[in-house]
Amino acid sequence: MPPPPPEGDREDDGGDPYASSASDLPVTRYASEIVEAVRANPVVVVIGETGSGKTTQISQILHRANLSSSSGDNNAPPSSSSTGIVVTQPRRVAAVSVARRVAHEMNVPVGGLVGYTVRFEDCSGRDTRIKYVTDGTLLRECLEDPSLSKYGVVILDEAHERSLNTDVLFGLLKLLVRTRKPTLKLVITSATLESEKFSAYFGDCPVYHVPGRVFPVDIAYASERPRSYLETAIETTWDLHRSQGPGDILLFLTGQEEIESACKRLNERVRDADETECDDAQILPLYAALPPEAQARVFCAPPRACRRIVVATNIAETSLTVPGVVFVVDPGVVKQNVYDPETGCDALKITAVSAVQARQRAGRAGRTQPGRCFRLYTRDAFEHDMPIVTVPEIQRTSLVGVVLYLKMLRIKGLSVLDFDFLDKPDGAAMTDALRQLYVLGAIDVDGEITEMGREMSPLPVEPQLARAMLEARRRGIVEEMATVAAMLSVERVFVGGSGGGKGQGQGQGQGRDGRDRDRPPPIASADETKMGDHVVLLRTYEAWARGGHRRRFCEEHGLNDRGMEFARDVRKQLLGVFRDRGRDRDMDRGNGDRDGGNGDGDGGRGGKRDRDGVEKNQTQTQRRGDVTDLRKAICVGFANKLARRLPRHNGFRTFGADASMIAEAHPSVARSLADDVTGLLPEWVVFHSLVSTTRPFIKGVCRIEPEWAAQVMPRLGDVDVGRLSGGALAEERTGANAEKAAAAAAEAEAERTREAS
Ligand code: ADP
Ligand code: MG
């Protein structure tokens, strides 16, 4: 391990912190040591301060050292089977932004020697030797090519983030470096020091510390807990701007809305302040969903010599380094998703950051000169209340996708339960994943992957949506379902503006009572809005597409123009995948429509055959009128997200998880779903997600018919988790839930009979 550079060795930044040059980054200075370490070892862990050049430089260094191809010869003509170095990022924006940066530094076009591949966007080609990808993308590549034979070096970057997909890649690559020795090199890079844990996991591999160039950061604590961290954060930032000398301010907040509102208020303050009070300031938001150009602004010097105030999510903690920061304001909170496997409920909670994160945040202030960090919590809270490290995502998220993935990979002789995770996931989350996969027909009663599961796995959408798409294909409406899936992947379709509010409730239905004469007529008919979110999303996209994908249309209807363009791309990609897979399938079987069944893929016993005479090529009629098949496909895909309205009020009881919950329909859809006369919501629905904010809500709601629910119900009650896990999980038959499900099924059946008579 090299000693830290002596003080005098520090290069002067020339007074311009925005003009960073690759040659004076710490990682670049230790290039030869890093190359030696990688040559000598199959796995190397590199730890270095954020901003030291791990992400942008190590790939270039290894490429220059001819380590990018398994033959070790970079001068060999690039062949399609050798793209060299792949670098994973947990975040899509980071993968794209960093690839562009590296291409710029190497003076090559993006998509040439340097490229990136993220879900729904491939910007790489035959000549690509350094490829930035999301960790999810590399997992999908593993399905096609389990030994990752295209690559000579895999760099798992931002390991400290412990994203779910990166954790799975740890396990897979640990096996791969053994089987592909010595042609595959693995480099793990991390900003923080869980080095012993990583090293032990990878067979005591060497850990290389890149000495950072950090300046001291003075830390100030609050004397008491603030009543509102947001108010205090804005006040503190404003005070700093008025009272402190030059240097940019970085304020950490928890999400887009909070950031936009803080930016707005800070902007007003700057605008209203008189010249003697303070200088000008440029306020810049930074969060993942921000358009790329707006994101890129944080890397540029301000137009005039004025202070920049960057208001960011924890994306600025380690994955993107904002230059010029001297002051950090840290409210000590982060928005984190915690999944409850018992109920299937996601809770997006504002929680305390870990002490490790707090140190990272403070460190952002000391990159170019001594800095100051203002913690809006007490020293006592930092020392005693904060968790020491962040809980890895694998221990707080649904594992449905991961378990299906591991089943699909069929790692030789390994059951999913024996997979070598760095930190084992929770047993209840495993049980939940197996149960859900069984309900979807992706695994059979013994936990073996089914043909349905095999078809679902490679689709680049969550398992439920994959199942719905396969059902839609069977019904000849794959285009419609692809549209819905694409629209669901847009963060916010409805953004307000002249056309209305967020959800379709305001976004579409507003013209119904004729009050708003200047507003355009709603896109979906009143009857269709009663079918729920998915149908409205479909009609919205169709109307936009019919009108020639115009921005004007988006403005008129309060749609997120960029989001719509994204949906268009995603839709095209999804249909492409289907077309390709359809072709393979037809060739394999000589028949394009074999996977009959109605949601009980492997023909489990509860399922009734669907005898409603599905015909293919209904696309045209479907487009004009009936959305029944679309709703049926969604019902099959989201069978484990079923809910029934309570008899006397508009709450819903959920089914499909171990324990049911009472939840409300999200306000964005509730109004338009309700019956005009009785005000009641539909009795049965499936939903996309169950989210607890102030209270539990179901979001992405689709009305279904009672008889469809009756078909799904028995399967929900029929889960034998002990058997699904090959006995590895305790015989945990879900008695209570089975009973509940059976009772509700009986009730639904009785009602149907009543209605029929
Ligand atoms: P690390 O991965 O160690 O945190 P990076 O390689 O991401 O470090 O960053 C190294 C330097 O490159 C930083 O000074 C950062 O500001 C700069 N940088 C990274 N991405 C960009 C970009 N897209 N545009 C301009 N500068 C960038
Ligand atoms: Mg990095």
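Numbers below:
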quantity	calculated
Number of positions in region 302-348 that are buried (at least 21 other Cβ atoms within 10 Å of the Cβ), among the basic types (Lys, Arg) and assigned to a loop (DSSP other than H, G, I, E, B)	0
Residue check, VAL356 farther than 30 Å from ALA643 by Cα and aliphatic (A, V, I, L, M)	yes
Segments classed as strands (runs of 3 or more DSSP E), wholly inside region 639-678, with at least 2 members that are small (Gly, Ala, Ser)	662-665
All positions within region 419-449 that are surrounded by fewer than 21 Cβ atoms within 10 Å (Cβ to Cβ) and either of a type in the set (Phe, Trp, Tyr) or in contact (Cβ under 8 Å) with a residue 60 or more places away in the chain (or both)	PHE419, ASP420, PHE421, LEU422, ASP423, ASP426, GLY427, ALA428, ASP444, VAL445, ASP446
Residue in region 271-284 that is in contact (Cβ under 8 Å) with a residue 60 or more places away in the chain and more than 30 Å from GLN57 (Cβ to Cβ) present	no
Flag for ILE219 being more than 16 Å from ligand 1 (Cβ to nearest atom) and of a type in the set (Val, Ile, Thr)	yes
Selection status of THR189, in contact (Cβ under 8 Å) with a residue 60 or more places away in the chain, closer than 23 Å to ARG364 by Cβ and among the hydroxyl-bearing types (Ser, Thr, Tyr)	yes
Total residues in region 215-238, condition in contact with a helix residue (DSSP H, G or I) (Cβ under 6 Å, 6 or more places away or on another chain) and either surrounded by fewer than 18 Cβ atoms within 10 Å (Cβ to Cβ) or closer than 22 Å to ALA262 by Cα (or both)	5
Any hit, region 538-553, residues being of a type in the set (Gly, Ala, Ser), within 26 Å of the chain's Cα centre (by Cα) and farther than 12 Å from SER489 by Cβ	no
Condition met for VAL43 (at pLDDT below 95 and in the same structural domain as ASP145 (by the TED database))	no
Test: residue in region 270-290 that is modelled with pLDDT of 85 or more and charged (D, E, K, R)	yes
Test: residue in region 177-195 that is among the basic types (Lys, Arg) and either within 16 Å of ligand 2 (Cβ to nearest atom) or part of a strand (DSSP E or B) (or both)	yes
In region 97-121, the residues that are farther than 20 Å from ARG571 by Cα, away from ligand 2 (no atom under 14 Å from the Cβ) and of a type in the set (A, V, I, L, M, F, W, C)	ALA103, MET106, VAL108, VAL110, LEU113, VAL114
Qualifying residue in region 374-388 (condition: at pLDDT below 95, acidic (Asp, Glu) and in contact with an Asp or Glu (Cβ under 8 Å, 6 or more places away or on another chain))	no
Residue list for region 172-186, filter: in contact (Cβ under 8 Å) with a residue 60 or more places away in the chain and of a type in the set (Val, Ile, Thr)	VAL177, THR183
Some residue of region 571-578 being polar (S, T, N, Q), part of a helix (DSSP H, G or I) and either modelled with pLDDT under 85 or surrounded by fewer than 23 Cβ atoms within 10 Å (Cβ to Cβ) (or both)	yes
Strands (runs of 3 or more DSSP E) contained entirely in region 74-137, each with at least 1 residues that are in the same structural domain as LEU169 (by the TED database), at pLDDT 90 or above and among the aliphatic types (A, V, I, L, M)	84-89, 114-118, 130-134
VAL326 being outside the structural domain of ALA159 (by the TED database) and more than 16 Å from ligand 1 (Cβ to nearest atom)	no
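The values are calculated or read from the model by the stated rules, or taken from the named source; none is laboratory data. Note that the structure is a prediction, hence the values are computed from the model and not measured. Note: ideal-geometry Cβ built from the backbone for every residue, glycine included; neighbour counts use all protein chains shown.
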